[in-house]
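Below is one structure, written out as structure tokens; comments come after it.
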Amino acid sequence: MSGRWIFCDFDGTIVEEEIFVALLRRFAPVESARTLPEIYALRVSLRDGLRRILETIPSAAWPEMEDFVVRSAHIRAGFAEFAEASRAAGWSLLVVTGGFQAMAELVLAPFRSAISAVHGLEVDRSGPFLHPYSPWESADELVSKPAVYAHYAPEQAICIGDSVTDLALARQCPRVFARDRLAEYLQREQRPWQAFETFFDILPALEAVHAAR
Ligand SMILES: [Mg+2]
């Protein structure tokens with residue numbers, strides 16, 4: 001596909017909260033308490049662990065989950081401006097989330113015209129319990145961010161994230177904006193990265209690349 005693409009995480013990045021994890025703890029408390037520590041300790045893969053947790057949540061809970069997400073989400077400062085500026089500078093903005101695509105779409109609706117695509121976990125609600133699936137599934141993850149990156153095959157790329165689920169992507173991305181745990185991992189691996197607290201911090205990167213062309 002090529003071109004200039006921005007790969008931006010959702011939980012803890014566009015929104016300040018870890019909404020997906022909060023959703024799991026709220027709607028699947030027993031299985032989350034059992035399986036999340038196993039995932040964090042790397043004894044269970046994200047793919048198998050998340051599937052195990054999500055498949056305990058009744059499909060009927062979905063509307064209540066949507067309410068929970070909408071109530072909990074706070075957009076990080078500068079995102080609206082960043083989305084508009086990236087489009088004006090010739091970048092295509094992708095949101096890539098390990099959480100529910102539909103939930104990200106709900107929160108991002110006011111900004112949607114400035115976003116090229118939202119990729120994440122899809123969910124089948126036709127049975128009694130949620131059934132998660134994704135076209136981006138790998139051996140370890142339900143949503144493999146490197147798989148999305150490979151699909152777009154960017155000529156230029158900026159990656160923005162905050163946690164371990166962004167690490168594999170950040171390792172291959174030429175320009176990375178990181179905060180929180182992702183910044184620590186990259187620091188430890190001595191890879192180049194830039195810090196951000198708000199999306200205003202990332203605006204100069206768009207202008208620099210734009211001016212260079
Ligand atoms: Mg995140």
For n ≥ 4 DSSP H runs only, could you compute -39500 (n - 2.57) per run for the chain, divide by its residues and tell me the 222 nm figure to the nearest 500? -12500 deg cm²/dmol
By count of other Cβ within 10 Å, fewest leading, how are Ser144, Ser86 ordered? Ser144, Ser86
Estimated distance in nm for a label pair at Leu42 and Ala153, the labels positioned 7 Å out from Cα along Cα-to-Cβ: 3.2
Evaluate the Debye formula for the stretch 1-97 with equal point scatterers sitting on the alpha carbons, no solvent, and hand back log10 of I(q)/I(0) at q = 0.16 Å⁻¹, in q order, two decimals. -0.81
Dipole moment magnitude, nearest 20 debye, the stretch 68-176 about Cα centre, only Lys, Arg, Asp, Glu C-beta charged: 240
So what's the convex hull volume per residue for the Cα atoms of the chain, in Å³? 116
Rounded to whole Å and sorted largest first, what semi-axes of the equivalent ellipsoid does the C-alpha gyration tensor of the stretch 100-160 yield via the square root of 5 times each eigenvalue? 23, 18, 7
Net dipole in debye of the chain [+1 Lys, Arg Cβ; -1 Asp, Glu Cβ; about Cα centre; nearest 20]: 340
Isolated Cys residues of the chain, judged by Cβ distance under 4.7 Å to other cysteines: Cys8
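Laboratory data are not the source of any read-out in this text; all were calculated from the coordinates shown. Bear in mind the structure is a predicted one, so any value in this text is a computation, not a measurement. Please note: Cβ atoms are built from the backbone with ideal geometry, for glycine as well, and neighbour counts cover all protein chains shown.
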